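The values are calculated or read from the model by the stated rules, or taken from the named source; none is laboratory data. From a predicted model like this one, the values you see are computed outputs, not experimental measurements. Counting neighbours? That spans all protein chains shown, and the Cβs are built from the backbone with ideal geometry, glycine included.
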Amino acid sequence: MTINQKVWLISFIIVLVCILAALLIYIYTGQFVLALFIAPPIIHWILKRRQNRDTGNRF
């Protein structure tokens, strides 16, 4: 599995976990949790930066 595939797989899993957590929080408390939808893109960006740094690419 390439680094790019690992980054996308980890990002996909994080998004699913965050969506599930947001749904559970909404069901039990009735409050919409926006932070859980903001975190996955930031984590994906960090993983892509690390991937680019490890492979020698800058962009």
Next item on the list: Could you list all residues from the stretch 35-59 that are closer than 17 Å to Phe12 by Cα, modelled with pLDDT under 75 and either surrounded by fewer than 15 Cβ atoms within 10 Å (Cβ to Cβ) or among the hydrophobic types (A, V, I, L, M, F, W, C) (or both)?
Entry: Ala35, Leu36, Phe37, Ile38, Ala39
Margin query: I want to confirm something. Restricting to the stretch 1-51 and keeping residues that are outside any helix (DSSP H, G or I) and of a type outside the set (Phe, Trp, Tyr), which single residue is farthest from the chain's Cα centre (by Cα)?
Written below: Gly30
Margin query: Any residue in the stretch 1-28 that is small (Gly, Ala, Ser) and modelled with pLDDT under 85 sitting within a Cβ distance under 8 Å of a residue that is in a helix (DSSP H, G or I) and surrounded by 13 or more Cβ atoms within 10 Å (Cβ to Cβ)? List the pairs, counting only those 6 or more apart or interchain.
Written below: Ser11/Pro40; Ser11/Ile43; Ser11/His44; Ser11/Leu47; Ala21/Leu36; Ala22/Leu36; Ala22/Phe37
